[in-house]
């Protein structure tokens with residue numbers, strides 16, 4: 001077996017990428033890159049933030065809408081929070097959207113609309129962690145940073161037949177990936193490894209027969225590739241419960257609340273409701289003949305499952321709750337709601 005050294009693997013992957021790179025709306029392909037077309041750091045950054053915990057297929061339409069509406073970081077920085085959060089609805093992890101706006105405003109106000117090009121400087125921006133900083137630095141600025149996402153972890157675990165389970169093996173996998181990161185075309189190389197994991201070295205049934213690095217792959221030789229990477233078993237997610245209250249005035253206006261900036265769904269519009277816990281108490285926003293609707297809303301967050309019961313009542317002409325929002329029916333857009341709140345709205349509308 002040949003040693004899976006830097007020259008063999010990186011050169012083979014770059015050659016494969018030149019022929020098989022995936023086309024994505026945020027990517028400058030290898031042929032354009034070779035002809036001097038440079039990636040737009042704004043589009044690279046935006047795509048990387050959107051792709052966290054999400055698939056390429058899910059992100060494409062969101063990315064196109066965002067960049068059509070806000071084509072530059074300055075345009076995004078000047079956008080109203082509500083509009084950005086509304087466009088983000090459905091992608092989940094809403095803290096990312098809040099940090100997206102914070103980062104855009106810092107880049108605009110403190111960096112003249114230009115993203116810094118070094119890993120360390122990028123780390124100082126809101127919402128940018130080590131992975132995102134490495135990805136932007138490599139892909140947008142062609143710096144030899146080691147980019148380690150789930151696809152790259154899988155490729156490294158198989159290439160070197162590493163059986164230590166994730167997430168504990170991340171440092172080992174990153175060290176291996178770092179030895180392969182070339183000084184020449186590191187941005188293309190980073191995308192090549194990610195593409196390899198997404199299209200050939202897939203979680204199930206990897207296509208080893210057409211893999212450009214099948215010869216030096218230690219797990220292919222050992223016959224263990226389908227078992228890697230190993231992962232520490234996750235603890236089962238708990239289930240929480242809650243109540244939400246949807247009230248409509250005779251003229252069609254609806255009663256909403258703005259959730260606190262910190263915490264789950266921070267800063268988002270939603271329906272007034274109870275806490276989310278194992279045994280939540282009912283907590284209507286005003287006294288009324290509240291009727292529980294048939295059915296329930298089920299939604300899964302990162303760390304728990306949620307089951308909501310929906311209550312409905314007419315909204316009085318006057319509200320004495322200054323912390324709530326009475327929204328005119330013409331101003332209300334279901335798309336501005338986070339997914340779980342939109343599910344509640346859809347159930348309410350269907351009854």
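The values are calculated or read from the model by the stated rules, or taken from the named source; none is laboratory data. Just so we're clear, the structure is a prediction, and the values are computed from it rather than from any experiment. Every residue, glycine as well, gets a Cβ built from its backbone with ideal geometry; the counts of neighbours run over all protein chains shown.
Would you pick out the residues in segment 245-267 that are without any contact (Cβ under 8 Å) to a residue 60 or more places away in the chain and touching a strand residue (DSSP E or B) at 6+ places or on another chain (Cβ under 7 Å)?
Within segment 245-267, just 259 meets the criteria.
Return the total of residues in segment 104-153 being out of contact with any helix residue (DSSP H, G or I) (no Cβ under 9 Å at 6 or more places or on another chain) and at positive phi.
1
Take residue 210 and tell me if it is surrounded by fewer than 20 Cβ atoms within 10 Å (Cβ to Cβ) and either at pLDDT 95 or above or more than 30 Å from residue 83 (Cα to Cα) (or both). It would help to see each step written out before you state the result.
Values: surrounded by fewer than 20 Cβ atoms within 10 Å (Cβ to Cβ): yes; either at pLDDT 95 or above or more than 30 Å from residue 83 (Cα to Cα) (or both): yes.
Spelling it out, residue 210 is indeed surrounded by fewer than 20 Cβ atoms within 10 Å (Cβ to Cβ) and either at pLDDT 95 or above or more than 30 Å from residue 83 (Cα to Cα) (or both).
All but one of (1) under 15 Å from residue 240 (Cβ atoms); (2) touching a residue at least 24 places away in the same chain (Cβ under 8 Å) hold for residue 289; which doesn't?
(1)
Of the residues that make up segment 229-240, is at least one modelled with pLDDT of 95 or more and at positive phi?
no
In segment 300-329, which residues are touching a residue at least 24 places away in the same chain (Cβ under 8 Å), surrounded by fewer than 18 Cβ atoms within 10 Å (Cβ to Cβ) and part of a loop (DSSP other than H, G, I, E, B)?
Within segment 300-329, 301, 302, 303, 304, 316, 317, 319, 320, 321, 323, 328, 329 meet the criteria.
Of the numbered conditions (1) over 24 Å from residue 121 (Cα atoms); (2) surrounded by 15 or more Cβ atoms within 10 Å (Cβ to Cβ), residue 39 satisfies every one except a single condition; which is it?
(1)
Go through segment 330-339 and report how many residues are loosely packed, with under 14 Cβ neighbours inside 10 Å and part of a loop (DSSP other than H, G, I, E, B).
3
Looking only at helices (runs of 4 or more DSSP H) that fall completely inside segment 152-264, which ones have 1 or more residues that are over 30 Å from residue 310 (Cα atoms) and in the same structural domain as residue 307 (by TED's automatic domain parsing)? Please lay out each step first, then the result.
Details: elements: 170-180, 186-199, 218-222.
Here the list is empty.
Before we move on, is residue 61 in a helix (DSSP H, G or I) and without any contact (Cβ under 8 Å) to a residue 12 or more places away in the chain?
Numbers: in a helix (DSSP H, G or I): yes; without any contact (Cβ under 8 Å) to a residue 12 or more places away in the chain: yes.
Here the answer is yes, as residue 61 does meet what is asked.
Based on this model, can you work out whether residue 28 counts as without any contact (Cβ under 8 Å) to a residue 24 or more places away in the chain, more than 30 Å from residue 258 (Cβ to Cβ) and surrounded by 17 or more Cβ atoms within 10 Å (Cβ to Cβ)?
When the stated conditions are applied, residue 28 passes them.
Can you find, within segment 126-140, the residue that is farthest from residue 73 (Cα to Cα) among those that are assigned to a helix (DSSP H, G or I) and within 13 Å of the chain's Cα centre (by Cα)? Show your work before the answer.
As a first pass, look at segment 126-140 and keep what is assigned to a helix (DSSP H, G or I): 130-140.
Checking the rest, the ones that are also within 13 Å of the chain's Cα centre (by Cα) come to 131-132.
Working: 131: 20, 132: 17 Å.
Ranking the candidates gives 131 first.
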